[in-house]
Amino acid sequence: MRFACPLQLGTESMMADPSSSSSSSSSSPSPSATQNQSSPSPATTITDVNVDSLSQCASYLSLQDLSNMAMTCSYFKKVAYSDSVWLRWFREHWQREIPSTSSLISGVREAYLARRTAVQQFKFIDPIGFDFFTEAKPVDHILLDKDNIIFSQGPLVKMAEIDGFLHSKGSIVTLSGHNARITCMRLFSLNETSLLRRECQRNDNILVTSSCDHSIRLWWKGSCQKCFRGHNGPVSALSDKLLGDGVGKVLASGGEDGTVRLWSLSSSGKRGQHALKATLCGHEKSIKLMSVAGHKASLLATISKDSKVRIWDITASSAFRSSCCVGMTSTPGVPLSMKCHEALLYIAAGSSVVVIDLRTMQKVLTAAIHQSKLYSFEALSSKSLICTGSNGRAMLWDMRRNQETLKPEPIAELDGHTGPVTYLHMDPYKIVTAGPEDVHINIWEADTGTQTNSLICEFPEEPSTSPGCSALAVDGCRIVTASYGQERGLVRFRDFFHASCPVFQREGDHVSKFWDSLSYSDSDTEY
């Protein structure tokens, strides 16, 4: 963001009277006039305005703009950090909360950031929320999309409006179209498709689902907008992002037929007859995972069930071509998860996590090694942290500490689960862990692995409802979990944003094991 002074407060911009101008031209200028012309009065810049006045203006900026302002110069930093600016933000978000006296000593900004961190880490016992029952079937996939909970059971997509349930007027909408189990669900911006019609829709998302019925469907406003067919078998994977830049982005899908197919989301027609742009061949086994490179939006990484990795450049693709494969490698063990960050590819397979440089296709790091098989994996690449789930626990790893060793060591063990930890969420604030044999959902600080809370995914009045968690999704300070038993299933939603009663750690409560605390200072800072 650039800051510019919209006006100059000096006198040099004043317009002269035309008549006086003409008369002065016919006579010699006076000595005083000559002196004034040679030394004009200095202009007043924005830094000459007092802090209080600038703070009043800065209170209308967004948090991102405040961050940019604070990095401009020391004077603007003083303005951006002023109490009046952050008191407005505190009151706007938490009208019923008042910064404590002790927190005000270090400033309202610190109080705001502390409160924001606390709600993001679920450090309260009184979130708002609701529960609703479902069929006694596992929830295969679950997503949080603004005001909707979206989940799949078998071939059906179901949607629950959050605001409706919070006001006791909720209902579940069932979207039918697939006739076999849904294998993957993704959310993409409507702005990247041909469905965008009005500017007010620019922030909407579309839902994309793949299924064992060989099809891919695009959903928006409660109905199927497009259906893509082309795979000669179940569709097993969808890309985590759309490929390409600007207009004409494409979706990648992988199938049990071993092919990767590229689809245009801007094609006309509901049946999507002209949506298939390319079929990429090369894998001998079914596609298991897909991820789009961060440093180049045309690169797609895929891994098949035989742990063979291929990198594709879609700019070289045509109707049928394998020559756009620009890199190959393989990893030991059964592939579990795969994620790209910038030019690095993280692959969790078997009992380890390896990092591959997409520019050279060489392994640059073994980020984690378990004695037994991995059940889950998440990465927080901005902080060089990864988390892995195993039987009974999760482990937190710092990749910077393991760069020079052949046997990486975790920085924290997140103990306390029963059975395998198959579900993981990781963001700059927290780690969330869960498993199918444990009714507890545990929350930990992302930087240290200290436990902040433990939630229960079963219905308190019917503790036999579920043996454990079957799906979870986290979005900021919101979390939704799913479980099921012999008679019915349960979906639980909790929002900690307006929570006010903090969790107090009792003596003897579980705390993660540490080798030692993090000492790095390159964490994501929010202003």
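Accessible area of region 48-134 with a 1.4 Å probe: how many percent of it is carbon plus sulfur?
That fraction is 54 percent.
Which percent of Cα-Cα pairs in region 362-415 sits in each 10 Å bin, short to long?
Once binned at 10 Å, the Cα pair distances of region 362-415 give 25, 59, 16, 0.
Order of 395-405, 131-141 by packing, highest average Cβ count within 10 Å first?
In decreasing order of mean packing, 395-405, 131-141 become 395-405, 131-141.
So for region 391-490, what percent of the C-alpha to C-alpha distances run longer than 23 Å?
The answer is 30 percent, as a whole percent.
Taking all protein chains in place and a 1.4 Å probe, what share, in percent, of the accessible surface of region 284-398 do carbon and sulfur account for?
Within region 284-398, the accessible surface is 48 percent carbon and sulfur.
What whole-number distance in Å separates the alpha-carbon centres of region 42-76 and region 96-167?
That distance is 34 Å.
Which value, in Å², gives the accessible area per residue of region 177-330 when a 1.4 Å probe is used on the protein heavy atoms?
Accessible surface, normalised per residue, equals 42 Å².
State the Cα centre-to-centre distance between region 357-400 and region 272-311 in whole Å.
Distance between centres, Cα-based: 22 Å.
Tell me which of SER298, CYS324, SER223 sits at the most positive position along the dipole axis of region 177-330, charges placed on C-beta atoms (Lys, Arg +1; Asp, Glu -1).
Positive-end residue among those listed: SER223.
In 10 Å bins starting at 0, how do the alpha-carbon pair distances of region 177-330 split up by percent?
12, 44, 34, 9, 1
The values are calculated or read from the model by the stated rules, or taken from the named source; none is laboratory data. Predicted, not measured: the structure shown is a model, and the values here were computed from it. Neighbour counts are summed over all protein chains in view; Cβ atoms, including those assigned to glycine, are modelled from backbone coordinates with ideal geometry. Each accessible area value is taken on the protein alone, full model and side chains, heavy atoms only, with ligands, DNA and RNA left out. Shrake-Rupley method; radii C 1.70, N 1.55, O 1.52, S 1.80 Å.
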